[in-house]
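Just below is one structure, and these are the notes that go with it.
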Amino acid sequence: MPKTKNTAVMVWIFIFTFIVAFLVVFGGFVRLTRSGLSIVEWNPVSGVMPPVGQQAWEEEFAKYQLTPEYVLINTTMTLPEYKFIFYMEWFHRLIARLAGLVYAFPVFYFLFKKTIPYKEFGIYFFMGLLFISQAVMGWIMVASGLNNRPAVSHFALTAHLLLATALIGFGLWTAFGHKYGFPDTGKKAKWSLPSKLTAWSIALLILQISYGGMTAGLKAGHVSDSWPLMFGRLIPANLFNSWINIFETPQTIVFIHRWLAWLGLIAVPLVYYFVKKQNYPQDIQKGLQWLIGVVALQITLGVLTILSYVNITIALIHQANALVLFALAIFFIHRFRALDRE
């Protein structure tokens, strides 16, 4: 990790991370409006501008008309309707390009000014690699829905989401280092109980996000609009009659996603109890109170998403709140580990 703290670098990373988080949430909107397969080519430079003129639009629409989504689902779509989904995906890609510029220009400026020492550039370079990786995975995801079926691979979608989540987590960890100080990696420190519980909570949250990605990719949220029952039963039959179900079957995937969150609701109050008992700093104690509220809100939003049959507004707030929860978890593991080293 870097050793050089700098407020300007911290602000830059926070802004970049926020744009990536917004990109994730807007990507959810693109998915829910079935706009993601509207642009059938990946042109990082020429794709900056949308089609201009009637002929250009008709040519773009003709390319889309060859895709499985149009042939099997949107056969009655008109050109004005196509323009809507095109602009949604185009704006999504425009935000991604903006995020790339927000990363590239400042990082080279800070490197040129030696605000970021050359020997510490590796951590920021890795951040850039993560950004490029999730962008490439985004195109792999889109391409998976352009050949044989009118939907993207749920594995590719989940990988795209996890790479973006990793970038957010990595960026926040680095930004918090600029704010609170970078740990002495040469100094070993035992893991306190709050640190261990927070680490397990993050692992659980990443697993939950993964199942959220697979739920989205398979549109498994539409399987059932009742809660807590599915198909009239608390535990529907044949959910786990094969191990492949946990990766491929929509009913099993959405069932896991529904109930995995409750483990987090148990873990967070446990962390708060031990922090309160051991008299941790007040900012951590108050922050954990907020964390409990965010977890409770996340579960509530999840239930409302089910009952509303995946209302777009509720689903997007649910997704955004998950990123808030993840950001808080990164904050606490950073703070707890710093205190472990004192």
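The values are calculated or read from the model by the stated rules, or taken from the named source; none is laboratory data. This structure is a prediction, so every number in the text was calculated from the model and none was measured. A quick note on method: Cβ atoms are made from the backbone with ideal geometry, for glycine too, and the neighbour counts reach across all protein chains shown.
Which one of these is surrounded by fewer than 22 Cβ atoms within 10 Å (Cβ to Cβ), within 12 Å of the chain's Cα centre (by Cα) and not basic (Lys, Arg): 140, 202, 206? If you could, list the steps in order and put the result at the bottom.
Numbers: 140 fails: within 12 Å of the chain's Cα centre (by Cα); 202 fails: within 12 Å of the chain's Cα centre (by Cα).
Going through 140, 202, 206 in turn, the sole match is 206.
Quick grid of which residues meet (1) outside the structural domain of residue 25 (by TED's automatic domain parsing); (2) over 23 Å from residue 339 (Cα atoms); (3) among the aliphatic types (A, V, I, L, M):
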{"residue": "235", "(1), (2), (3)": "yes, yes, yes"}
{"residue": "245", "(1), (2), (3)": "yes, yes, no"}
{"residue": "263", "(1), (2), (3)": "yes, yes, yes"}
{"residue": "268", "(1), (2), (3)": "yes, no, yes"}
{"residue": "279", "(1), (2), (3)": "yes, no, no"}
{"residue": "306", "(1), (2), (3)": "yes, yes, yes"}
{"residue": "313", "(1), (2), (3)": "yes, yes, no"}
{"residue": "318", "(1), (2), (3)": "yes, yes, no"}
{"residue": "327", "(1), (2), (3)": "yes, no, yes"}
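Since residue 149 meets every condition but one in (1) in a helix (DSSP H, G or I); (2) among the charged types (D, E, K, R); (3) closer than 21 Å to residue 213 by Cβ, which condition does it not meet?
(1)
Could you please find all residues in region 116-130 being exposed (fewer than 13 other Cβ atoms within 10 Å of the Cβ) and among the aliphatic types (A, V, I, L, M)?
If the condition is that a residue be exposed (fewer than 13 other Cβ atoms within 10 Å of the Cβ) and among the aliphatic types (A, V, I, L, M), then 129 is the only one that fits.
Can you go through 126, 170, 155 and tell me which one is in contact with a helix residue (DSSP H, G or I) (Cβ under 7 Å, 6 or more places away or on another chain), among the aromatic types (Phe, Trp, Tyr) and not assigned by TED's automatic domain parsing to the domain that holds residue 328? Reasoning before the result, please.
Values: 126 fails: in contact with a helix residue (DSSP H, G or I) (Cβ under 7 Å, 6 or more places away or on another chain); 155 fails: in contact with a helix residue (DSSP H, G or I) (Cβ under 7 Å, 6 or more places away or on another chain).
Matching residue, one of 126, 170, 155: 170.
Taking region 86-115 only, how many residues are surrounded by 14 or more Cβ atoms within 10 Å (Cβ to Cβ) and over 27 Å from residue 30 (Cα atoms)?
Kept after step one, since they are surrounded by 14 or more Cβ atoms within 10 Å (Cβ to Cβ), are these residues of region 86-115: 86-97, 99-100, 102-103, 106-107, 110-111, 115.
Next, only the ones that are over 27 Å from residue 30 (Cα atoms) stay: 106-107, 110-111, 115.
Residues flagged as surrounded by 14 or more Cβ atoms within 10 Å (Cβ to Cβ) and over 27 Å from residue 30 (Cα atoms) within region 86-115 amount to 5.
This table checks each residue for (1) within 30 Å of residue 174 (Cα to Cα); (2) touching a Gly at 6+ places or on another chain (Cβ under 7 Å).
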site	(1), (2)
2	yes, yes
7	yes, no
29	yes, no
32	no, no
35	no, no
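Cβ-Cβ distance below 8 Å, separation of 6 or more or different chains: which pairs start in region 265-278 with a residue that is over 14 Å from residue 296 (Cα atoms) and end on one that is surrounded by 15 or more Cβ atoms within 10 Å (Cβ to Cβ) and hydroxyl-bearing (Ser, Thr, Tyr)?
Qualifying pairs under 8 Å: 271/198; 271/201.
When both residues are 6+ apart or on different chains and their Cβ atoms are under 8 Å apart, which pairs have a first residue that lies in region 108-128 and is touching a residue at least 24 places away in the same chain (Cβ under 8 Å), and a second that is outside any loop (DSSP other than H, G, I, E, B) and small (Gly, Ala, Ser)?
As it stands, the answer is 110/8; 115/8; 127/171; 128/104, since those pairs meet every condition given.
Residues in region 249-288 that are under 15 Å from residue 212 (Cα atoms) and either more than 24 Å from the chain's Cα centre (by Cα) or not in a helix (DSSP H, G or I) (or both): how many?
Of the residues in that region, 1 qualify.
So how many residues does region 17-50 have that are more than 19 Å from the chain's Cα centre (by Cα) and either part of a helix (DSSP H, G or I) or without any contact (Cβ under 8 Å) to a residue 24 or more places away in the chain (or both)?
Going through region 17-50 one residue at a time, the tally reaches 7.
Quick one: what pairs do we get from region 134-158, first residue more than 18 Å from residue 20 (Cβ to Cβ), second part of a helix (DSSP H, G or I) and among the charged types (D, E, K, R), C-beta under 8 Å, 6+ apart or different chains?
145/69; 150/69; 151/69
Take residue 272 and decide whether it is in contact with a helix residue (DSSP H, G or I) (Cβ under 6 Å, 6 or more places away or on another chain), outside the structural domain of residue 178 (by TED's automatic domain parsing) and aromatic (Phe, Trp, Tyr).
Numbers: in contact with a helix residue (DSSP H, G or I) (Cβ under 6 Å, 6 or more places away or on another chain): yes; outside the structural domain of residue 178 (by TED's automatic domain parsing): yes; aromatic (Phe, Trp, Tyr): yes.
Considered against the rule, which asks whether it is in contact with a helix residue (DSSP H, G or I) (Cβ under 6 Å, 6 or more places away or on another chain), outside the structural domain of residue 178 (by TED's automatic domain parsing) and aromatic (Phe, Trp, Tyr), residue 272 comes out as yes.
State the number of residues belonging to region 214-232 that are surrounded by 13 or more Cβ atoms within 10 Å (Cβ to Cβ), among the aliphatic types (A, V, I, L, M) and either outside the structural domain of residue 252 (by TED's automatic domain parsing) or assigned to a loop (DSSP other than H, G, I, E, B) (or both).
Of the residues in region 214-232, 2 are surrounded by 13 or more Cβ atoms within 10 Å (Cβ to Cβ), among the aliphatic types (A, V, I, L, M) and either outside the structural domain of residue 252 (by TED's automatic domain parsing) or assigned to a loop (DSSP other than H, G, I, E, B) (or both).
Among (1) outside any helix (DSSP H, G or I); (2) within 26 Å of the chain's Cα centre (by Cα); (3) at pLDDT 90 or above, where does residue 159 come up short?
It fails just one condition, (1).
Would you mind telling me which numbered condition in (1) within 17 Å of residue 330 (Cβ to Cβ); (2) surrounded by fewer than 19 Cβ atoms within 10 Å (Cβ to Cβ) residue 178 fails?
(2)
Which residue, of 57, 42, is in contact with a helix residue (DSSP H, G or I) (Cβ under 6 Å, 6 or more places away or on another chain) and among the aromatic types (Phe, Trp, Tyr)? Give the derivation first.
Details: 57 fails: in contact with a helix residue (DSSP H, G or I) (Cβ under 6 Å, 6 or more places away or on another chain).
Answer to the selection: 42.
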